[in-house]
Amino acid sequence: MLKKGGELLAEHELAERKLRILQAIIKNYLETGEPVGSRTISKYTDLNLSSATIRNEMADLEEMGYIVQPHTSAGRIPSDKGYRLYVDMLMAEKEKELMERQDAMLEKVDKMEKLLKQAATVLASNTNYATLITSPANSGNKIKFIQLSRVNSEQIIAVIVLGGNVIKNTIIDVDERITDEVLLKLNMLLNTTLNGLPIAEINLGLIAKLKEEAGIHSDVVGCVLDEVARAVSLDDDIQVYTSGARNLFKYPELSDKENAQEIISAFEEQQQLTELVTQTLTKEENTGIQVYIGDETPVENMKDCSVVTATYDLGEGLRGSIGIIGPKRMDYEHVLKSMKKLQQELDSMFHKKE
């Protein structure tokens, strides 16, 4: 049994070594476009193997069909079979990473949703007014990485990961068949250029440069960049949590039938509230507290009210908004103190190291 187990272990180690050499050959060939020899691999990897050992492994890889020798006495280049294995491994690794991130994000989102709903309720109770709190939205975010994968012969999927591990997926139609090698090169082009880049810095000059380097596949790059722009739209996926709308009816000037109906409509439909917080979040200078009185209020159905808003900051370009709605004669001092306290608490909670 020990002998059998030892043989299995040796076979596994041998397979792993061949795999690492194949990966090194492909990476080097993608970078240089030149056939790769054993001496190059001995310097390129951390395997600490001799050129002779690497030559033997490369001979095995060639016999297995993963690499080919284009000319006598020349180095090797990857075969279609080699590219397929490399891309499948790369995709499996990325998919695992994305699944882990998505699972973590779902857990965080669930906790965050409960926290924000609770915060809205507590704020409404403390102030005796109506309140709203939004989920965090992208503002000035950065790109972490982009992964292009084939869905079928006519479609590819772009997975865009932004700061804060916000993940966006989109399907892109393509007019021609894109090979694994082309997908790999497009992934390298996009990530080499865009990783860690603030989205605000993706300008026309950079887009033109990327399209030029993509050559005949410039349309695919253009579609991906369009989706990046759409991915960070503040209106996308923004959630507004409200509480205490009925508190407003305690104030006679807001409790008549017409006023009450308009205010309830604004809270139920939420479109106007979303526009209000989007307007707040898109203004970079709005990092403190904003007070809108009467006609200054951006929400048409709340012109008889005062609205106080503030932002909370999660870092990595993610910000959310807090709002308190009350009569024009609201207790501004108490409201501002309550708002500032909640703003600081949210900032503190989200910036805690996990």
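The values are calculated or read from the model by the stated rules, or taken from the named source; none is laboratory data. The model shown is predicted, which means the values in this text are computed figures rather than measured ones. A quick note on method: Cβ atoms are made from the backbone with ideal geometry, for glycine too, and the neighbour counts reach across all protein chains shown.
Residues checked against (1) at pLDDT 85 or above; (2) assigned by TED's automatic domain parsing to the domain that holds residue 186; (3) part of a helix (DSSP H, G or I); (4) not polar (S, T, N, Q):
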residue	(1), (2), (3), (4)
15	no, no, yes, yes
19	yes, no, yes, yes
53	yes, no, yes, no
60	yes, no, yes, yes
65	yes, no, no, yes
72	no, no, no, no
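The rows are residues; the columns are (1) in a helix (DSSP H, G or I); (2) in the same structural domain as residue 275 (by TED's automatic domain parsing); (3) modelled with pLDDT of 85 or more.
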| residue | (1), (2), (3) |
| --- | --- |
| 210 | yes, no, yes |
| 217 | yes, no, no |
| 223 | yes, no, no |
| 226 | yes, no, no |
| 248 | yes, yes, yes |
- Query: Yes or no: residue 197 at pLDDT 85 or above and among the hydrophobic types (A, V, I, L, M, F, W, C)?
  - Reply: no
- Inside the range 250-269, the number of residues satisfying the requirement of being in a helix (DSSP H, G or I) and surrounded by fewer than 15 Cβ atoms within 10 Å (Cβ to Cβ) is 9
- Can you tell me which residue among 208, 214, 130 is surrounded by 18 or more Cβ atoms within 10 Å (Cβ to Cβ), of a type in the set (Gly, Ala, Ser) and farther than 30 Å from residue 329 by Cβ? 214
- Over the range 328-342, the set of residues under 25 Å from residue 271 (Cβ atoms) and surrounded by 18 or more Cβ atoms within 10 Å (Cβ to Cβ) is 330, 335, 339, 342
- Note on the structure: Expected single match for modelled with pLDDT under 75, assigned by TED's automatic domain parsing to the domain that holds residue 342, under 20 Å from residue 345 (Cβ atoms) and buried (at least 21 other Cβ atoms within 10 Å of the Cβ) among 277, 308 is 277
- Positions within the range 25-51 being in contact (Cβ under 8 Å) with a residue 40 or more places away in the chain and outside any helix (DSSP H, G or I), in sequence order: 34, 35, 36
